[in-house]
Amino acid sequence: MWPYPKFVAHRGGGILAPENTLAGLRCGWSYGYHAVEFDVMLSSDGVPMLMHDPILGRTVRGVGKINEYTAAQLKAMDAGAWFGAEFVGEPICTYQQAMEFCRQHGIWMNVEIKPVEGFEIETGHVVAQETLAFFSAEIAAHIERPDATTFANLPLFSSFSIDALRAAQVAAAAIPRGYLVDDIADEGWSNLKPKLEELDAITLHTNHKHLSPAQVDAIKQAGYGLFCYTVNTLERGSEIQRWGVDGFCTDRIDLFKENNKIM
Ligand code: G3P
Ligand code: MG
């Protein structure tokens, strides 16, 4: 089950732009990517924002947790300066802005729900509700004509947090879900499969570094889409595709573009 593009720009523009910003989304799009992965968590007033780390400090100057700041405070923070002089003043991006950009440019979204610890259910719920409202026309179109094309117009949620995905399932069952795990062997496929069933998930997302061809076979035989992160060489991309991996995200959006892989 993978009706989506095979090549996905990680965190917006991979290594070429500040992660999880509009500049990053613009960069991935300018390189010809029609699919993006980004991370979403909540501000203190419950607004979904694009952000990878639960604390300030790495990509945004400051201290404390993201959810100790309101959306207005976060939007005023610089998420580009750490990356390079040309990105000074690039603000933290709201999820709403990211959805609007992606719709405008025909970009498919893998929305990674990345809650601050302790806020899993709330984050899954709010992100799902906001997505449901934004994609109401696409959902209606899919209900009217349920096929791969209308389905692929919907985003895909993923998360390492099963609680966040459960909350998203309750709030927006129509938006498909994928479960994220670092290493399939940690739990084992036989333990993961019931979780995918419970979530009514369509995909499993995993770190390609731990993946084996036997795992790929088992997942594909069970009918799930298989997505890998984060693949940064052409050789590894080709290898896991030969194994049967459906799609992957990359930081090296330049490399796959230059080698005409994404067309
Ligand atoms: O969604 C795949 C990948 O982005 C998960 O890892 O840490 O880059 O969000 P991370
Ligand atoms: Mg991510």
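What to note about this one:
- Total residues in region 107-128 satisfying the condition of being over 25 Å from Y4 (Cα atoms), buried (at least 17 other Cβ atoms within 10 Å of the Cβ) and of a type in the set (D, E): the figure is 2.
- Residue check, A214 at pLDDT 95 or above, assigned to a helix (DSSP H, G or I), more than 16 Å from ligand 2 (Cβ to nearest atom) and exposed (fewer than 15 other Cβ atoms within 10 Å of the Cβ): yes
- Across region 238-258, the number of residues qualifying as free of Cβ contacts under 8 Å to residues at least 60 places away in the same chain and either surrounded by fewer than 13 Cβ atoms within 10 Å (Cβ to Cβ) or in a helix (DSSP H, G or I) (or both) comes to 7.
- Taken as a whole, the condition of being part of a helix (DSSP H, G or I) and either touching a strand residue (DSSP E or B) at 6+ places or on another chain (Cβ under 8 Å) or within 16 Å of ligand 1 (Cβ to nearest atom) (or both) does not apply to M109.
- Matching residues, region 147-172, being outside any helix (DSSP H, G or I), within 16 Å of ligand 1 (Cβ to nearest atom) and aliphatic (A, V, I, L, M): L156
- Every residue from region 76-106 that is within 18 Å of V126 (Cα to Cα) and surrounded by 14 or more Cβ atoms within 10 Å (Cβ to Cβ): C93, T94, Y95, Q96, Q97, A98, M99
The values are calculated or read from the model by the stated rules, or taken from the named source; none is laboratory data. A quick note: this is a predicted structure, and the numbers were derived from the prediction, not measured. Cβ coordinates were reconstructed from backbone atoms using ideal geometry, including for glycine residues, and neighbour counts include every protein chain displayed.
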